[in-house]
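**Q** One structure, as C-alpha coordinates, below. Some questions next.
The values are calculated or read from the model by the stated rules, or taken from the named source; none is laboratory data. These numbers were taken from a predicted model, which means no experiment stands behind them. For neighbour counting, all protein chains shown are included, and Cβ atoms are generated from backbone atoms with ideal geometry for every residue, glycine included. For accessibility, only protein heavy atoms count, side chains too; no ligands or nucleic acids. Shrake-Rupley method; radii C 1.70, N 1.55, O 1.52, S 1.80 Å.
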Amino acid sequence: MGIGEYLALGSILFGIGATGFLTRRNVLIQLMSIEIMLNAVNVVFVAFNRFMPSNHMGQVFAFFVIAVAAAEAAVGLAIVIAFFRLKKTVVTDAGDSLRN
Amino acid sequence: MNTSGLMLFWVSAAVALGSAVGTISMRNPLRAAVSLLIHILSLCGIYLSLKAHLLATIQVLVYAGAVVVLFIFVIMLIGPTANEQRAPRAVGTRILGAVGALLSTSVLAFTLVRHDAQLLPIPQCPPGAGAECGQFGGVTAVGAELYLGSMVPFELVSILLTVAIVGAIAVAKGKTTATSPKNEGPTTPEGAA
(Lines give C-alpha, C1' and ligand atoms only; values in the text may rest on other atoms or scores of the structure.)
Protein backbone atom coordinates (compact mmCIF):
# COMPACT_ATOMS: atom_id res chain seq x y z
CA MET A 1 0.00 0.00 0.00
CA GLY A 2 1.44 3.33 -1.07
CA ILE A 3 0.94 6.97 -0.30
CA GLY A 4 -1.73 7.35 -2.98
CA GLU A 5 -4.60 6.16 -0.82
CA TYR A 6 -3.82 8.77 1.81
CA LEU A 7 -3.52 11.54 -0.78
CA ALA A 8 -6.81 10.47 -2.37
CA LEU A 9 -8.51 10.41 1.04
CA GLY A 10 -7.18 13.87 1.82
CA SER A 11 -8.30 15.30 -1.49
CA ILE A 12 -11.78 13.76 -1.24
CA LEU A 13 -12.20 15.11 2.30
CA PHE A 14 -11.04 18.53 1.11
CA GLY A 15 -13.59 18.37 -1.69
CA ILE A 16 -16.36 17.44 0.73
CA GLY A 17 -15.40 20.37 2.95
CA ALA A 18 -15.26 22.76 0.00
CA THR A 19 -18.66 21.53 -1.19
CA GLY A 20 -20.14 22.09 2.25
CA PHE A 21 -18.63 25.56 2.47
CA LEU A 22 -19.95 26.57 -0.94
CA THR A 23 -23.42 25.04 -0.80
CA ARG A 24 -24.61 25.52 2.77
CA ARG A 25 -26.05 28.80 4.00
CA ASN A 26 -25.66 28.14 7.72
CA VAL A 27 -22.61 29.86 9.19
CA LEU A 28 -22.08 27.07 11.72
CA ILE A 29 -22.04 24.38 9.04
CA GLN A 30 -19.68 26.51 6.99
CA LEU A 31 -17.26 26.75 9.91
CA MET A 32 -17.47 22.96 10.33
CA SER A 33 -16.67 22.59 6.62
CA ILE A 34 -13.57 24.73 7.13
CA GLU A 35 -12.54 22.37 9.93
CA ILE A 36 -13.00 19.40 7.58
CA MET A 37 -10.77 21.07 4.98
CA LEU A 38 -8.04 21.82 7.51
CA ASN A 39 -8.17 18.23 8.75
CA ALA A 40 -7.83 16.94 5.18
CA VAL A 41 -4.66 18.98 4.77
CA ASN A 42 -3.39 17.55 8.05
CA VAL A 43 -3.94 14.00 6.76
CA VAL A 44 -1.75 14.78 3.73
CA PHE A 45 0.97 16.34 5.91
CA VAL A 46 1.14 13.34 8.24
CA ALA A 47 1.07 10.89 5.31
CA PHE A 48 4.03 12.60 3.65
CA ASN A 49 5.85 12.56 6.97
CA ARG A 50 5.29 8.79 7.29
CA PHE A 51 6.72 8.24 3.83
CA MET A 52 9.85 10.22 4.71
CA PRO A 53 10.44 9.20 8.32
CA SER A 54 13.89 10.71 8.78
CA ASN A 55 12.43 13.80 10.46
CA HIS A 56 9.12 15.01 11.88
CA MET A 57 8.58 18.23 9.95
CA GLY A 58 5.19 17.13 8.58
CA GLN A 59 3.82 16.32 12.00
CA VAL A 60 5.13 19.61 13.40
CA PHE A 61 3.42 21.45 10.56
CA ALA A 62 0.19 19.55 11.25
CA PHE A 63 0.53 20.65 14.88
CA PHE A 64 0.71 24.28 13.76
CA VAL A 65 -2.32 23.77 11.51
CA ILE A 66 -4.26 22.40 14.49
CA ALA A 67 -3.29 25.46 16.57
CA VAL A 68 -4.35 27.86 13.81
CA ALA A 69 -7.61 25.93 13.36
CA ALA A 70 -8.36 26.26 17.07
CA ALA A 71 -7.77 30.01 16.93
CA GLU A 72 -9.92 30.23 13.81
CA ALA A 73 -12.76 28.33 15.46
CA ALA A 74 -12.68 30.61 18.52
CA VAL A 75 -12.71 33.85 16.53
CA GLY A 76 -15.19 32.49 13.97
CA LEU A 77 -17.69 31.40 16.59
CA ALA A 78 -17.37 34.78 18.32
CA ILE A 79 -18.19 36.42 14.99
CA VAL A 80 -21.17 34.06 14.63
CA ILE A 81 -22.46 35.17 18.03
CA ALA A 82 -22.03 38.85 17.12
CA PHE A 83 -23.74 38.23 13.76
CA PHE A 84 -26.63 36.43 15.46
CA ARG A 85 -27.00 39.26 17.96
CA LEU A 86 -27.24 41.74 15.11
CA LYS A 87 -29.43 39.82 12.63
CA LYS A 88 -31.25 37.23 14.77
CA THR A 89 -30.31 34.53 12.28
CA VAL A 90 -27.28 32.47 11.27
CA VAL A 91 -28.06 32.34 7.55
CA THR A 92 -25.31 34.03 5.57
CA ASP A 93 -27.77 35.60 3.13
CA ALA A 94 -28.82 37.95 5.95
CA GLY A 95 -25.36 39.51 6.02
CA ASP A 96 -26.03 42.18 3.39
CA SER A 97 -25.53 45.37 5.39
CA LEU A 98 -22.94 46.67 2.94
CA ARG A 99 -25.14 46.14 -0.11
CA ASN A 100 -26.89 49.53 -0.13
CA MET B 1 1.98 -2.26 6.46
CA ASN B 2 0.45 -5.24 8.16
CA THR B 3 -3.15 -6.42 8.04
CA SER B 4 -4.32 -4.66 11.17
CA GLY B 5 -2.85 -1.39 9.92
CA LEU B 6 -4.64 -1.82 6.59
CA MET B 7 -7.93 -2.59 8.34
CA LEU B 8 -7.47 0.45 10.60
CA PHE B 9 -6.87 2.63 7.55
CA TRP B 10 -9.82 1.39 5.51
CA VAL B 11 -12.33 1.41 8.37
CA SER B 12 -11.19 4.86 9.50
CA ALA B 13 -11.26 6.21 5.95
CA ALA B 14 -14.80 4.91 5.36
CA VAL B 15 -16.04 6.37 8.64
CA ALA B 16 -14.24 9.66 7.94
CA LEU B 17 -15.81 10.00 4.49
CA GLY B 18 -19.30 9.06 5.69
CA SER B 19 -19.23 11.38 8.69
CA ALA B 20 -17.82 14.24 6.59
CA VAL B 21 -20.73 13.86 4.17
CA GLY B 22 -23.04 13.74 7.19
CA THR B 23 -21.53 16.94 8.59
CA ILE B 24 -22.23 18.97 5.49
CA SER B 25 -25.65 17.45 4.76
CA MET B 26 -27.34 17.47 8.18
CA ARG B 27 -30.05 20.10 8.55
CA ASN B 28 -29.77 20.24 12.33
CA PRO B 29 -26.42 21.84 13.32
CA LEU B 30 -26.26 19.79 16.51
CA ARG B 31 -26.30 16.57 14.49
CA ALA B 32 -23.69 18.08 12.20
CA ALA B 33 -21.50 18.81 15.23
CA VAL B 34 -21.81 15.21 16.45
CA SER B 35 -20.99 14.01 12.94
CA LEU B 36 -17.93 16.27 12.97
CA LEU B 37 -16.93 14.64 16.25
CA ILE B 38 -17.13 11.18 14.65
CA HIS B 39 -15.11 12.53 11.70
CA ILE B 40 -12.37 13.79 14.00
CA LEU B 41 -12.19 10.55 15.95
CA SER B 42 -11.89 8.55 12.72
CA LEU B 43 -9.07 10.84 11.56
CA CYS B 44 -7.40 9.89 14.83
CA GLY B 45 -7.43 6.31 13.51
CA ILE B 46 -5.84 7.49 10.26
CA TYR B 47 -3.05 9.16 12.24
CA LEU B 48 -2.53 5.99 14.26
CA SER B 49 -2.18 3.97 11.05
CA LEU B 50 0.56 6.45 10.07
CA LYS B 51 2.27 5.96 13.45
CA ALA B 52 1.73 9.58 14.51
CA HIS B 53 0.75 8.81 18.07
CA LEU B 54 1.31 12.24 19.60
CA LEU B 55 -0.68 13.94 16.83
CA ALA B 56 -3.57 11.51 17.34
CA THR B 57 -3.63 12.44 21.02
CA ILE B 58 -3.52 16.15 20.24
CA GLN B 59 -6.32 15.65 17.73
CA VAL B 60 -8.59 14.16 20.38
CA LEU B 61 -7.64 16.76 22.99
CA VAL B 62 -7.90 19.87 20.84
CA TYR B 63 -10.64 19.00 18.37
CA ALA B 64 -12.91 16.62 20.23
CA GLY B 65 -12.23 18.27 23.56
CA ALA B 66 -12.25 21.94 22.67
CA VAL B 67 -13.42 22.81 19.16
CA VAL B 68 -16.48 20.55 18.97
CA VAL B 69 -17.50 21.53 22.51
CA LEU B 70 -17.20 25.19 21.50
CA PHE B 71 -19.41 24.51 18.47
CA ILE B 72 -22.00 22.79 20.65
CA PHE B 73 -21.93 25.66 23.15
CA VAL B 74 -22.61 28.18 20.39
CA ILE B 75 -25.41 26.03 18.94
CA MET B 76 -27.00 25.80 22.38
CA LEU B 77 -26.57 29.56 22.86
CA ILE B 78 -28.19 30.41 19.55
CA GLY B 79 -31.06 28.01 20.08
CA PRO B 80 -33.64 26.72 17.62
CA THR B 81 -32.98 29.45 15.05
CA ALA B 82 -29.70 27.70 14.27
CA ASN B 83 -31.74 25.37 12.07
CA GLU B 84 -31.44 26.43 8.49
CA GLN B 85 -34.56 27.34 6.59
CA ARG B 86 -34.82 25.78 3.18
CA ALA B 87 -34.16 28.27 0.39
CA PRO B 88 -35.89 26.92 -2.72
CA ARG B 89 -34.40 29.39 -5.17
CA ALA B 90 -30.85 28.25 -4.48
CA VAL B 91 -31.35 24.57 -5.24
CA GLY B 92 -30.13 24.76 -8.85
CA THR B 93 -26.89 26.56 -8.11
CA ARG B 94 -26.39 24.36 -5.06
CA ILE B 95 -26.61 21.15 -7.11
CA LEU B 96 -24.37 22.68 -9.78
CA GLY B 97 -21.76 23.69 -7.21
CA ALA B 98 -21.83 20.29 -5.50
CA VAL B 99 -21.47 18.38 -8.77
CA GLY B 100 -18.64 20.64 -9.94
CA ALA B 101 -16.71 20.40 -6.70
CA LEU B 102 -17.12 16.64 -6.41
CA LEU B 103 -16.16 16.13 -10.08
CA SER B 104 -12.93 18.10 -9.82
CA THR B 105 -12.15 16.43 -6.50
CA SER B 106 -12.66 12.94 -7.91
CA VAL B 107 -10.37 13.74 -10.86
CA LEU B 108 -7.73 14.86 -8.37
CA ALA B 109 -8.23 11.78 -6.22
CA PHE B 110 -8.02 9.34 -9.13
CA THR B 111 -4.81 11.03 -10.24
CA LEU B 112 -3.26 10.97 -6.79
CA VAL B 113 -4.22 7.40 -5.94
CA ARG B 114 -1.79 6.07 -8.55
CA HIS B 115 1.20 7.31 -6.54
CA ASP B 116 2.53 4.17 -4.92
CA ALA B 117 5.61 5.37 -3.08
CA GLN B 118 6.33 2.62 -0.62
CA LEU B 119 6.77 2.98 3.09
CA LEU B 120 10.31 3.54 4.26
CA PRO B 121 11.41 1.66 7.36
CA ILE B 122 11.23 3.77 10.48
CA PRO B 123 14.70 4.51 11.86
CA GLN B 124 15.15 2.72 15.14
CA CYS B 125 17.16 3.84 18.11
CA PRO B 126 20.59 2.19 18.41
CA PRO B 127 20.81 -0.36 21.24
CA GLY B 128 22.84 1.81 23.57
CA ALA B 129 20.83 5.00 23.06
CA GLY B 130 19.55 6.94 26.02
CA ALA B 131 16.17 8.48 26.66
CA GLU B 132 16.82 11.35 24.29
CA CYS B 133 16.41 9.07 21.26
CA GLY B 134 12.67 9.16 20.71
CA GLN B 135 10.42 6.77 18.83
CA PHE B 136 8.91 7.94 15.54
CA GLY B 137 5.79 9.99 16.21
CA GLY B 138 6.27 9.89 19.97
CA VAL B 139 6.43 12.76 22.44
CA THR B 140 10.23 12.86 22.65
CA ALA B 141 10.94 12.91 18.92
CA VAL B 142 8.18 15.32 17.89
CA GLY B 143 8.85 17.54 20.90
CA ALA B 144 12.55 17.76 20.06
CA GLU B 145 11.70 18.65 16.46
CA LEU B 146 9.14 21.21 17.68
CA TYR B 147 11.22 22.96 20.32
CA LEU B 148 14.65 22.71 18.69
CA GLY B 149 13.82 23.08 15.03
CA SER B 150 10.69 25.26 15.08
CA MET B 151 11.14 27.44 18.13
CA VAL B 152 10.17 30.78 16.58
CA PRO B 153 6.97 29.50 14.87
CA PHE B 154 5.97 27.86 18.14
CA GLU B 155 6.26 31.15 20.00
CA LEU B 156 4.40 32.92 17.19
CA VAL B 157 1.59 30.37 17.59
CA SER B 158 1.39 31.19 21.29
CA ILE B 159 1.06 34.89 20.44
CA LEU B 160 -1.58 33.99 17.83
CA LEU B 161 -3.62 32.04 20.36
CA THR B 162 -3.44 34.89 22.89
CA VAL B 163 -4.56 37.42 20.28
CA ALA B 164 -7.36 35.04 19.19
CA ILE B 165 -8.66 34.70 22.76
CA VAL B 166 -8.63 38.47 23.30
CA GLY B 167 -10.26 39.05 19.92
CA ALA B 168 -12.93 36.43 20.53
CA ILE B 169 -13.84 38.00 23.87
CA ALA B 170 -13.89 41.49 22.36
CA VAL B 171 -16.07 40.42 19.41
CA ALA B 172 -18.50 38.25 21.37
CA LYS B 173 -18.91 40.79 24.16
CA GLY B 174 -20.41 43.41 21.88
CA LYS B 175 -21.82 46.69 23.13
CA THR B 176 -24.24 45.27 25.67
CA THR B 177 -22.57 46.87 28.69
CA ALA B 178 -23.68 50.38 27.73
CA THR B 179 -27.37 49.54 27.32
CA SER B 180 -28.23 46.50 29.39
CA PRO B 181 -28.09 47.99 32.94
CA LYS B 182 -30.43 50.86 31.99
CA ASN B 183 -33.49 49.15 30.53
CA GLU B 184 -34.82 46.28 32.59
CA GLY B 185 -37.53 45.41 30.07
CA PRO B 186 -37.26 42.39 27.83
CA THR B 187 -37.50 44.54 24.72
CA THR B 188 -34.42 44.68 22.58
CA PRO B 189 -32.93 48.11 21.87
CA GLU B 190 -33.86 49.48 18.47
CA GLY B 191 -30.50 51.00 17.72
CA ALA B 192 -28.70 47.67 17.62
CA ALA B 193 -28.13 48.02 13.92
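**Q** Would you please classify the overall shape of the range A:3-90 from the alpha carbon gyration tensor, given that a ≥ b ≥ c denote the square roots of the eigenvalues, rounded means a/c under 1.5, and beyond that prolate means a/b larger than b/c while oblate covers the rest?
**A** The shape class here is oblate.
**Q** Report, as an integer, the average count of C-beta atoms from other chains found within 10 Å of each Cβ along B:161-171. The partial results should precede the final answer.
**A** Working: counts 5, 1, 2, 10, 4, 1, 5, 9, 2, 3, 10.
Taking the mean over all residues of the peptide, I get 5.
**Q** While we're on this one: Let me spell out the model: positive unit charges on the Cβ of Lys and Arg, negative unit charges on the Cβ of Asp and Glu, origin at the Cα centre of chain A. What dipole size does that give, in debye rounded to 20?
**A** Numbers: 7 positive and 5 negative charges, 72 e Å.
For this selection, approximately 340 debye.
**Q** Still on this model: Averaged over B:32-41, how many beta carbons belonging to a partner chain fall within 10 Å of each residue's beta carbon?
**A** Neighbouring Cβ atoms belonging to other protein chains average 3 per residue here.
**Q** Hey, with R₀ at 41 Å, roughly what FRET efficiency would residue B:173 and residue B:93 work out to, going by the Cβ-Cβ distance, to 0.05? Let's see the in-between values first.
**A** Working: r = 36 Å, r/R0 = 0.89.
Using R0 = 41 Å, I get an efficiency of 0.65.
**Q** Over the range A:1-43, what is the relative contact order in whole percent, taking alpha-carbon pairs under 8 Å and six or more residues apart?
**A** Relative contact order here is 47 percent.
**Q** Can I ask one more? Between beta-carbons, use under 15 Å as the cut-off and find the net charge around residue B:72, counting Lys and Arg +1, Asp and Glu -1.
**A** Result for the local shell: 0.
**Q** Moving on to the next point. Please calculate the 1.4 Å probe accessible area of residue B:27, with all protein chains present, and give it to the nearest 10 Å².
**A** Its accessible surface works out to 90 Å², give or take rounding.
**Q** Just to confirm my numbers, what's the Cα centroid distance between the range A:11-25 and the range A:49-96 in Å?
**A** 15 Å
**Q** OK, next. Among A:76-83, B:19-26, how do they line up by average Cβ neighbours within 10 Å per residue, starting with the highest?
**A** By packing density, highest mean first, the sequence is B:19-26, A:76-83.
**Q** So, one more: Leaving ligands, DNA and RNA out of it, work out the accessible area of residue B:48 with a 1.4 Å probe and give it in Å² to the nearest 10.
**A** Roughly 70 Å² of residue B:48 is accessible to a 1.4 Å probe.
**Q** Please report, in debye to the nearest 20, how large the charge dipole of the protein assembly as shown is about its Cα centre when each Lys and Arg carries +1 at its beta carbon and each Asp and Glu carries -1 there.
**A** With only Lys, Arg, Asp and Glu charged at Cβ, the dipole is about 960 debye.
**Q** Checking the a/c ratio against 1.5 first, then a/b against b/c, what shape does the Cα gyration tensor give for the protein assembly as shown?
**A** oblate
**Q** Report, as an integer, the average count of C-beta atoms from other chains found within 10 Å of each Cβ along B:1-12. Mind showing how you got there, number by number?
**A** Working: counts 3, 0, 0, 0, 1, 2, 0, 0, 4, 3, 0, 1.
Mean shielding count: 1.
**Q** Among the Cys residues of the protein assembly as shown, which have no other cysteine Cβ under 4.7 angstrom away?
**A** Taking the Cβ cut-off of 4.7 Å, the unpaired cysteines of the protein assembly as shown are B:44.
**Q** Which shape class, rounded, prolate or oblate, goes with the range B:1-81 when its Cα gyration tensor gives a ≥ b ≥ c as root eigenvalues, a/c under 1.5 marks rounded, and past that a/b bigger than b/c marks prolate?
**A** On the way: a/c = 5.40, a/b = 1.83, b/c = 2.95.
Note, shape of the range B:1-81 comes out oblate.
**Q** Right, here's the next one. Can you name the helices of chain A, as whole DSSP H runs, whose Cα span along the helix axis is 18 Å or more and whose Kyte-Doolittle mean is not below 1.6?
**A** Span-like helices here: A:57-87.
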